[in-house]
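The values are calculated or read from the model by the stated rules, or taken from the named source; none is laboratory data. Every value quoted in this text rests on a predicted model; they were computed, and no experiment measured them. Here the Cβ positions follow ideal geometry from the backbone for every residue, glycine too, while neighbour counts run over all protein chains shown. Accessible surface areas use protein heavy atoms only, side chains included; no ligands, DNA or RNA. Shrake-Rupley method; radii C 1.70, N 1.55, O 1.52, S 1.80 Å.
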Amino acid sequence: MRACGIWFDSTRHPEPAEGQLAVVQRIHLHNLPFDRLGADCPQAAQFCKWLLYLRGSAKILQGRISMVTQYLMPHRIKKSNNLMNTKMNKPQRPGAAMTGSFAKNPFEKIFAYRSFWPQPGTIRQMAKIGIDTVCFFPANVVCSLGIPYSEYPPIWIGPGTYDFSPFDQQARMLIKSNPNIKLICMVDLNTPLWWSRINGFRHDSFHGLGKVASDPDWRKDTADYLQRTLEHAESNYGKHIAAYVLAAGGTCEWSDHSCGEESVSRRAAYRRWCLRRGQPDPVDIPSASAREHFTHGFLRDPAIDQPALQYARFCQWQMSDAILHFANLSRKIIARKKSLGVFFGYILELTPKRLMHIGHVDYERVFRSKNLDFFIATAPYSDGQIGEASGFILPIHTLSCLKKRFIQEIDHRTHTANRAPARASGLAPDVKEFWPNEEATLAGLKREFAICLIEGISLWWFDMWGRWYEGKRVRQLLAQMKNIWEKHGHQTMDPVGEIALVVDPESVLHMSEDHHASIRNTRCLLGRIGAPFRIHSFGDLKIINPDHFKLMVFPNLYVVNDAKHENLRRFLNNNRHILWYGKPGIVRNERYAEDHVRQLTGITPTKERMVSKNMGAWTSILSRVPISTVDGMRNIAAKAGVHCYSDSGEPIYANERFLAIHSARGGVRKFQLPKKYSRICNVFTHGIIAENTSVFKDHLRAPDTIIYELVE
């Protein structure tokens, strides 16, 4: 139906076809001639149901929407009991206690499914192969493609006004599709459209979270919505809900896209923050030119650039403070009986021109929160094509040190993935982002599974807009991987990585955005040298065991102080090799000086590309620019005594029990194990590859991922 500037698909509600797309192409509600719509319109009732989806603008549009809905859908208005002004669907019954093991065991690893859109058929198919844990998102906002996240109407429809019937419809659909379902419920804390429109000083949190994160009105209103949502969910579906995810900001991953720009609330919060820390009142935030100034090429001077540095620290604190604020409020409602998590900590991916502004740098403080049990991040897009290493975009082993859980979100674009939303929003999907065919999809899914199995972490398969996991062979593979997960996924297996990639969040604030790529690129390079590695944050050095590592890589350690140097000294022994990039330690105790590099590394910087120096008990390697080749990085690792399983230049993943390889080219590969094993088996085919050996060969298809079980 096309009327009054709107395209409307009547199949969307009340029960949309699986994967069905319905997109508003042009919305001009202020010009809608509602008097032209009559009850004899063939799709009038469905159209008005969709109008109710837009009732988030009710404060502005109340008269027009009420007029048309009362004319065409009087039964809907009666049922809603004055929808525009009444708090809807208060909890009516106490919920049963969660019986699922996800809540009983806070460290359980999960193998789960997620989709933005209702997928009852897929939920049933997933249930048949044993995937009972499902993440769902009762969203109020529109996504970055310009279309609603959810095919259900919003819940938060006006000031203090909620309609939980869409939540109920979604939850009941999921439970009906799988009565044994365990739900992970995302709670949308973003500002609805009406919220930022009814007052000229309010901002949209989706793209400008930093402008609203300290706004007392947003915190108050959002806290009320959060409380009501959690109470409704617990009272009505507590038996099925195992965990909650707090979502806000860009793509609902606590990302701020405002680039540090000012708002009334942000400026006031910044002034309070400075005064609480004994700093002078800055009165204003630094100008954009000051925030983008770097005195020493790509590095800030702690004295000259102090206002910009101070404000950068505040912006990171502000994002973390918002997360911790709502996590604390959530705990008062759900206590410890349910798990609570967020998307956060993307220090290894958000480059260029995003990492410092997006607000994830203060992740160590958030990771330590007693109110948060788990964290989520997508698999890296920058290294996700077939033949690439994938991996992690946050320091995953920092979470291990803190005994926090991690869920890897797998949303790589498969060959069947629904491309219609991007096309309909005017954004042509990049063909390069999609795995090209079924063989590539099978190899890619096995790679992502291998990473999670070997690292001992949770995963969910993100069926974003539907059709991500179509086809008989893909579904059979999911079933096979679930069986492998049930057999091995809950076992505790020690990591064997002898390389530590150590990222320093404090140094990020001193670096130009153009140089943050060194962190991501180092991760990508290490993923191809044939040896597993671990990713730590600098704060871990005071607690991790130095004996685990033969090579430490510091891609961005530009800022140190006496305490940080003392923690580092624990690793300057046992013939360990330390690889530094750029000008490590050039900022020491809040002072920039070239000689600080020598004090930290023992090497005076020269024009040479790389200098290595034997320091007696350890070896210092100073690379003026990041290592750029796989062979170059592998040679450094080999000199440090790191065991390499393969020299093929392809991704290798390993722990004490499993070895995996991902290959785009295929062919015969030779593997060198650190010790002799009685049997090496292909986990997918159950075939015995070799026996009583530490060296074996295998023929790989192109493309493919193989997981070998190493039996002692």
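Looking at the stretch 534-570, which of its residues are in contact with a helix residue (DSSP H, G or I) (Cβ under 7 Å, 6 or more places away or on another chain), among the aliphatic types (A, V, I, L, M) and within 14 Å of HIS397 (Cβ to Cβ)? Matches in the stretch 534-570: ILE535, LEU541, ILE543, ILE544, VAL553. Residues that are farther than 24 Å from TRP460 by Cβ and hydroxyl-bearing (Ser, Thr, Tyr) were ranked within the stretch 320-377; the one that is least open to solvent (accessible area, probe 1.4 Å) is SER320.
Of the residues that make up the stretch 278-290, is at least one open to solvent by 40 Å² or more (accessible area, probe 1.4 Å), part of a loop (DSSP other than H, G, I, E, B), closer than 30 Å to ALA335 by Cα and β-branched (Val, Ile, Thr)? No, that holds for no residue.
Checking the stretch 133-143 against the condition returns a match, with at least one residue being farther than 18 Å from LEU189 by Cα and at pLDDT 95 or above.
Do the conditions hold for ASN567, that is, is it in a loop (DSSP other than H, G, I, E, B), modelled with pLDDT of 95 or more and open to solvent by 10 Å² or more (accessible area, probe 1.4 Å)? The answer is no for ASN567.
Only a single criterion out of (1) in a loop (DSSP other than H, G, I, E, B); (2) in contact with a Cys (Cβ under 6 Å, 6 or more places away or on another chain); (3) crowded, with 24+ Cβ neighbours inside 10 Å is not satisfied by GLY260, namely (3).
The one condition from (1) of a type outside the set (Asp, Glu); (2) within 26 Å of VAL630 (Cβ to Cβ); (3) at pLDDT 95 or above that LYS404 does not meet is (2). Considering only residues that are open to solvent by less than 30 Å² (accessible area, probe 1.4 Å) and touching a His at 6+ places or on another chain (Cβ under 8 Å), which ones fall in the stretch 291-315? Those that are open to solvent by less than 30 Å² (accessible area, probe 1.4 Å) and touching a His at 6+ places or on another chain (Cβ under 8 Å): LEU299, ARG300, PRO302, ASP305, ALA308, LEU309, CYS315. Can you pull out every residue in the stretch 404-424 that is of a type outside the set (S, T, N, Q) and part of a loop (DSSP other than H, G, I, E, B)? Within the stretch 404-424, LYS404, ASP411, HIS412, HIS415, ALA417, ARG419 qualify. Count of the stretch 105-141 residues, restricted to those that are crowded, with 17+ Cβ neighbours inside 10 Å and free of Cβ contacts under 8 Å to residues at least 12 places away in the same chain, is 0.
Per-residue answers, yes or no, for (1) buried (at least 22 other Cβ atoms within 10 Å of the Cβ); (2) on the phi > 0 side of the Ramachandran plot; (3) of a type in the set (Lys, Arg):
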position: ILE181; (1), (2), (3): yes, no, no
position: ILE184; (1), (2), (3): yes, no, no
position: THR191; (1), (2), (3): yes, no, no
position: ARG197; (1), (2), (3): no, no, yes
position: HIS207; (1), (2), (3): no, no, no
position: LYS211; (1), (2), (3): yes, no, yes
position: ASP217; (1), (2), (3): no, no, no
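Only residues that are open to solvent by 90 Å² or more (accessible area, probe 1.4 Å), in contact (Cβ under 8 Å) with a residue 40 or more places away in the chain and either of a type in the set (Ser, Thr, Tyr) or under 17 Å from PHE449 (Cα atoms) (or both) were counted across the stretch 660-688, and they come to 0. Looking across the stretch 437-467, the residues that are at pLDDT 95 or above and farther than 25 Å from LYS487 by Cβ come down to ASN437, GLU438, GLU439, ALA440.
If you go through the stretch 219-257 and keep only what is charged (D, E, K, R), open to solvent by 10 Å² or more (accessible area, probe 1.4 Å) and outside any helix (DSSP H, G or I), you end up with LYS239, GLU253. Considering the stretch 467-521, and only residues there that are assigned to a loop (DSSP other than H, G, I, E, B) and small (Gly, Ala, Ser), the residue that is most open to solvent (accessible area, probe 1.4 Å) turns out to be GLY471. Restricting GLY444, GLY471 to those that are closer than 20 Å to ILE123 by Cα, out of contact with any Gly (no Cβ under 6 Å at 6 or more places or on another chain) and small (Gly, Ala, Ser) reduces the list to GLY471. Working carefully through the options ILE529, ILE535, find the one that is modelled with pLDDT of 95 or more, touching a Phe, Trp or Tyr at 6+ places or on another chain (Cβ under 7 Å) and not hydroxyl-bearing (Ser, Thr, Tyr). Among ILE529, ILE535, only ILE535 is modelled with pLDDT of 95 or more, touching a Phe, Trp or Tyr at 6+ places or on another chain (Cβ under 7 Å) and not hydroxyl-bearing (Ser, Thr, Tyr). Here LYS432 meets each of (1) at pLDDT below 95; (2) of a type outside the set (Gly, Ala, Ser); (3) crowded, with 21+ Cβ neighbours inside 10 Å; (4) part of a helix (DSSP H, G or I) with one exception, condition (3).
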